[in-house]
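Reading through the structure tokens given below for one structure.
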Amino acid sequence: MNAYGAAITGVGFCAPPGVLTNEDLEKLVDTSDEWITQRTGMKRRHIIWPEGTTSDLAVPAAKSALQAAGLAAKDIDCIICATATPDYPFPALACIVAAQLGVQGTPAFDISIACSGFVYALTTAASLIRSGVFRSVLIIGAETLSKITDYTDRATCVLFGDGAGAAIVERADEDCFLGADLGADGSDPSVLYLPGGGSKFPYNKNGELADKRLGYIKMQGQSVFKFAVNQMAASTRNALARAGLTTADIDFVVPHQANLRIVDATIKMLGVPQAKCIVNIAEYGNTSAASIPIALGEAVESGLIKKGNVVVLVAFGGGLSWGSVVWRWSGAPVVRAHLQRPAAAAGAGAH
Ligand code: ACO
């Protein structure tokens, strides 16, 4: 039995203004708009300016979520960032964001579970609020995957983009957290990983990182694909069961935007109509931990998701990992931040 209810009271999101189209990728690697569109559903991805960092996206998304919720940063009890591309290996991105929001002393930490990060962060925030530890938590999913994408590898470079989304989770009379399912299987990290920069292949080992291109995402695409479809469907069913609901109760599914074919196959396995599935992959590609809050933000902004709707957020990612959360939408407003490349960076070359 939980002491308190939790509700999302504001959502914010943003993407950098620069865009990399399928036609741009045709000039970088041996690929085609037709192949990318058919195999992934992607047309464009937003790419940060060369000097840009993940905090350059996380902070505007956070400010937008605060504005939507009608709160100031000082009103927030805890900040959680989900990211695979923090500004530094440490300190945590959440600490950088807190400082840029002008708060000092607020607990702040990162969740490192790749594309499943926002679902893990939402579940963590809801748990901290429902147990009475905090009254308000700012959660952010933010990524600059372009920084770890190998633009000589056609099997991965077509997939990834940059962006950020954030939500304020607050103590509420009505509990909007209905159920969740989280999981991980680390038996073969090489299925989907960033090899370099940790203790296995540290930065300081002479030249090895660059020579072996270890600072880039490596992926066994077909293995990830099969895992994703099976696990997203199973996780959704588990979370619904914990909520005492079935797939018939779902108003909307907001899936991690990794590949349109993965999303379509998952929805089909669940028997959920396509009209109930939020998809914006053509515009953003895969933005990892940012993909769900950006898709959620756009769906609320367009009026599709309404107060009272039962919404399932479902993700998978490196770990391998997965997670689903079943949430009753409380009618929270959304603010989209329109980013400009900073004037100081505008003179620098394109990505
Ligand atoms: N353009 C043209 N051809 C390509 C491209 C490309 N961009 N990429 C691969 N190919 C070729 C391959 O070389 C292969 O050629 P071959 O038959 O001559 O050997 C052929 O296309 C088929 O390759 P597959 O890998 O079988 O293609 P598939 O249909 O599986 O699609 C894809 C590849 C899109 C990567 C798919 O497997 C996928 O989406 N997997 C999941 C990826 C994912 O979700 N990753 C999550 C990452 S999240 C994170 O951690 C940040």
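The values are calculated or read from the model by the stated rules, or taken from the named source; none is laboratory data. Not measured: the values here are computed from a predicted model. In this analysis, Cβ positions are derived from the backbone assuming ideal geometry, glycine residues included, and neighbour counts consider all displayed protein chains. Note: areas computed on protein heavy atoms with side chains; ligands, DNA, RNA excluded. Shrake-Rupley method; radii C 1.70, N 1.55, O 1.52, S 1.80 Å.
Considering every Cα-Cα pair within the chain, what fraction, in whole percent, is farther apart than 26 Å?
So the pairs more than 26 Å apart make up 45 percent of the total in the chain.
Given an 8 Å cut-off on Cα distances and at least 6 residues of separation, report the relative contact order of the stretch 149-219 as a percent.
Rounded, it is 33 percent for the stretch 149-219.
Sort Lys205, Lys307 by heavy-atom solvent-accessible area, probe 1.4 angstrom, most to least.
Highest to lowest solvent-accessible surface, that is Lys307, Lys205.
In square angstrom, rounded to the nearest 10, how much accessible surface does Leu209 have for a 1.4 Å probe?
Leu209 has an accessible surface of roughly 30 Å² with all protein chains in place.
Taking the chain, how many lysine pairs are there with alpha carbons less than 27 Å apart, if each pair must be eight or more places apart or span two chains?
Count of close lysine pairs: 29.
Give me the accessible area per residue for the chain, probe 1.4 Å, as a whole number in Å².
Dividing the accessible area of the chain by its residue count gives 41 Å².
Take Lys276, Lys74 and sort them by solvent-accessible surface of the protein heavy atoms, 1.4 Å probe, largest at the top.
Lys74, Lys276
With viscosity set to 1.567 mPa s at 4 °C, what whole-number translational diffusion coefficient in µm²/s follows for the stretch 179-331 from Stokes-Einstein and a Kirkwood radius over Cα pairs?
So the translational diffusion coefficient is about 78 µm²/s.
Across 10 Å bins from the origin, how do the percents of Cα pairs in the stretch 91-172 run, short distances first?
It works out to 16, 41, 28, 12, 3, in whole percents.
For the chain, which whole percent of the accessible surface, found with a 1.4 angstrom probe, sits on carbon and sulfur atoms?
52
Go ahead and estimate [θ] at 222 nm for the chain from helices alone: -39,500 (n - 2.57) per DSSP H run with n ≥ 4, summed, over the residue count, rounded to 500.
-9000 deg cm²/dmol
Roughly how many Å² of Arg336 are accessible to a 1.4 Å probe, to the nearest 10?
Its heavy atoms expose roughly 80 Å² to the probe.
When DSSP assigns beta bridges and you keep just the ones with both residues in the chain, what percent turn out antiparallel, to the nearest 5?
70
What is the spin-label model distance, in nm, from Ser199 to Lys268 if the labels are put 7 Å beyond Cα along the C-beta direction?
So the label points at Ser199 and Lys268 sit 4.4 nm apart.
Tell me which chymotrypsin sites (Phe, Trp or Tyr not before Pro) from the stretch 138-187 have a DSSP coil assignment and no more than 14 other beta carbons within 10 Å of their own.
none
Just to make sure I understand: if all protein chains stay in place, what is the order of Ser131, Ser199 by accessible area at 1.4 Å, largest first?
I get Ser199, Ser131, largest accessible area first.
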